[in-house]
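See below for the structure under consideration.
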Amino acid sequence: MLSNYTSLSTSLRILCAEMVETAQSGHPGMPLGIADVATVLWKDFLKHNPKDPTWHDRDRFILSAGHGSTLLYALLYLTGYSDTTLDKLKNFRQLHSGTAGHPEYGELAGIETTTGPLGQGLANAVGMAIAEKKLSTEFGQDLVNHKTYCIVGDGCLMEGISQEAISLAGHLKLKNLVVIWDNNEITIDGPTLLSTSEDQISRFKASGWNVIEIDGHNHDAIHAAFMTSNLAQTPTLIAAKTTIGWGAPSKQGTAKAHGSPLGTEELKQLKALLNWTFQPFEVPESILNTWRTLTTNVSTKYATWKDCHNHSSQRSKFNSWHATSIDENAINPLNFLKKTLIDNNVSEASRKTSEHCLTALYSAIPNLIGGSADLSPSNNTRTSTMSAVSPNDFSGNYLHYGVREHAMAAIMNGISLHKGLIPYSGTFLCFSDYAKPAIRLSALMKLPIIYVMTHDSIGLGEDGPTHQPIEHLATLRCIPNINVFRPCDSIETAECWELAITSKTTPSILALSRQTLPLVRKQATQNLSSKGAYVIKESESNHTLTLIASGSEVNLAIDVAQNIEQKFNHGVAVVSMPSWYLFEQQSNTYQRHVLGTATKVSIEAASTFGWKKWADHSIGIDTFGASAPASDLYQYFGLTVENITHTCLNLLSNGETK
């Protein structure tokens with residue numbers, strides 16, 4: 001019945017081995033071991049269209065074990081994705097080849113996400129399954145009815161993010177998610193027994209998953225497993241017992257097959273064992289034609305979907321939700337909010353203003369989907385009009401991620417990659433440490449995800465140094481392509497939300513205060529935060545000092561400036577710098593205009609690291625915090641008008657300039 005699997009899986013194996021051998025770099029063992037499972041999946045079950053790689057109702061295929069990237073590249077070539085050419089396979093791991101060492105989103109059509117850091121792809125897959133289930137609830141199964149398939153290795157399941165992800169997936173009963181475990185019991189160091197004796201089957205079952213155990217080299221068993229997964233009411237784990245490096249006579253089943261080329265002689269013997277007599281990278285026309293005709297099986301489904309989409313009463317709404325940018329009118333509610341804040345002279349914590357922004361935005365952007373890592377009342381990420389997503393009801397627009405910051409960030413990556421929803425979520429800024437690997441991938445993949453991170457300084461007070469961020473602003477700011485916003489008041493908070501929600505290729509972090517911030521801005525006719533920094537207080541006369549600050553310290557800087565001007569006859573300007581990232585993108589002329597030529601001093605209740613780029617001297621905190629009321633902490637760490645005034649006057653008297 002399934003006789004043609006062998007020639008297909010053989011061609012897949014040989015291509016993968018040849019790519020690694022030609023590059024003299026890569027991981028041949030995983031593709032050789034999982035090739036049978038991948039062949040059955042792509043031949044008989046995966047719903048995709050190489051001629052329309054971004055078809056909204058395609059199944060998603062995630063290679064979480066991204067070191068086995070040759071498997072994905074070979075599959076894309078064999079099934080006819082036009083931009084994955086034979087030349088690109090031959091240039092595996094070479095500069096700008098598209099066939100990178102680990103799959104990179106955006107390099108080739110069919111790569112759904114960037115994988116490599118183990119476990120990230122698994123959490124991405126959970127996000128994609130959440131998006132599918134939410135959108136299916138919204139638009140019906142005629143428009144949204146697909147699955148997410150994800151291949152994981154032993155390493156993916158060792159990483160802590162895996163437990164966070166599978167726990168939430170089981171809780172939400174994501175029956176549209178199928179995870180294939182390449183159970184080969186080998187890691188780089190050797191057998192998995194060196195480091196773990198965990199019962200993965202029991203682990204997944206305890207998390208609410210449907211589990212199927214199979215021989216990963218038995219085509220009939222593999223086929224039956226996928227058939228069974230279609231009937232499941234919960235996420236499915238297919239535990240496929242495989243042999244790493246299958247077919248390589250002296251290396252199969254060992255760590256030697258994991259992360260280095262097989263070698264000329266071993267590859268020769270592999271080909272002999274599989275009766276493969278063709279030239280390197282040659283795939284016989286009959287086999288290639290068989291691969292290329294596989295997707296004709298979904299041509300009817302594709303045509304049916306296109307017809308349904310074209311005639312759907314929800315077509316306009318569906319297209320709007322899946323657009324690459326929001327409607328320009330969507331920010332109008334924020335403009336009204338800013339006017340209201342000014343008219344009422346609102347002083348409040350920026351986290352509270354953020355909640356007002358969300359209330360305003362939801363009226364214009366209904367495909368926003370929020371969440372928090374069990375800190376909703378503290379992050380103010382759930383508004384009064386929002387309802388929670390639950391296992392049996394996905395009509396809501398708020399996800400309770402639980403205490404799972406790492407998975408939360410990676411799941412949002414998956415939601416964003418899926419398209420159709422705009423995700424944001426919240427935690428404390430200090431806990432960005434837990435989420436940082438996934439935040440880095442948000443930036444690498446250019447996903448406009450929004451991270452609401454409150455309790456942004458020692459101003460959170462009594463929770464103490466475990467919760468008070470010191471180095472976090474600096475470490476997040478140094479990630480390429482990420483916009484770290486730290487607004488000084490309600491108006492800047494609304495402006496930063498506007499910039500975050502309209503971003504197309506850059507993730508945003510909104511670092512927001514727990515404590516009340518006075519309203520500094522009295523006008524909002526233009527978004528001054530859009531250039532990253534601006535003069536919020538001009539020097540009255542004899543300009544000799546510029547204070548640069550962000551967040552809660554902007555008002556402190558203004559008080560210092562007024563104190564120095566009134567008592568010591570120095571003119572002082574104050575610059576609010578809510579975004580280093582945006583300010584760095586401005587012209588040198590604008591930067592010089594804002595910063596001026598006077599002595600420059602930065603003030604921020606955090607690490608001074610990095611401020612030398614903008615300031616001659618930095619006032620901040622280069623130790624850990626302490627547990628006390630916020631006012632006592634600002635006094636203790638010298639962030640007071642009196643102390644900063646004294647420091648600045650000493651600098652001026654010593655003639656310190658840049």
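Throughout, read-outs are computed from the coordinates displayed, never taken from laboratory work. All values derive from a computational prediction rather than experimental measurement. Methodologically, a virtual Cβ is constructed for each residue, glycine included, from the backbone with ideal geometry; neighbour enumeration extends over all protein chains shown.
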Nothing charged except the Cβ atoms of Lys and Arg (+1) and of Asp and Glu (-1): what's the magnitude of the dipole of the chain about its Cα centre? Round to the nearest 20 debye. 1080
Add +1 for every Lys or Arg and -1 for every Asp or Glu among the other residues with Cβ under 11 Å from the Cβ of K531, and state the total. -2
Pairwise centroid distance, computed over Cα atoms, of region 163-179 with region 226-303, Å: 26
Within region 519-658, what is the number of lysine pairs with alpha carbons under 25 Å apart, leaving out pairs fewer than eight places apart on the same chain? 19
Antiparallel DSSP beta bridges within the chain, percent to nearest 5: 10
Residues with amide H under 5 Å from that of I603, placed H, sequence gap 5 or more: I548, A549, S550, I619
Charge dipole of the chain built from unit charges on the beta carbon (Lys, Arg +1; Asp, Glu -1), centred at mean Cα; most positive-end Cα among L75, A524, G190 is L75
Quick one: which of K134/K173; K147/K419; K43/K301; K338/K446 span more than 18 angstrom between C-alpha atoms? K338/K446
12 Å Cα-Cα reach of K256 towards aspartates and glutamates, excluding residues that sit fewer than 8 places from it in its own chain: D189, E266
Add +1 for every Lys or Arg and -1 for every Asp or Glu among the other residues with Cβ under 13 Å from the Cβ of L118, and state the total. -3
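Find out how many positive minus negative residues lie around Q586, taking Lys and Arg as positive, Asp and Glu as negative, among other residues whose Cβ is under 15 Å from that of Q586.
Neighbour charge sum, excluding Q586 itself: +2.
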Quick one: dipole size for region 143-276, taken about the Cα centre, charges +1 on Lys/Arg Cβ and -1 on Asp/Glu Cβ, in debye to the nearest 20. 360
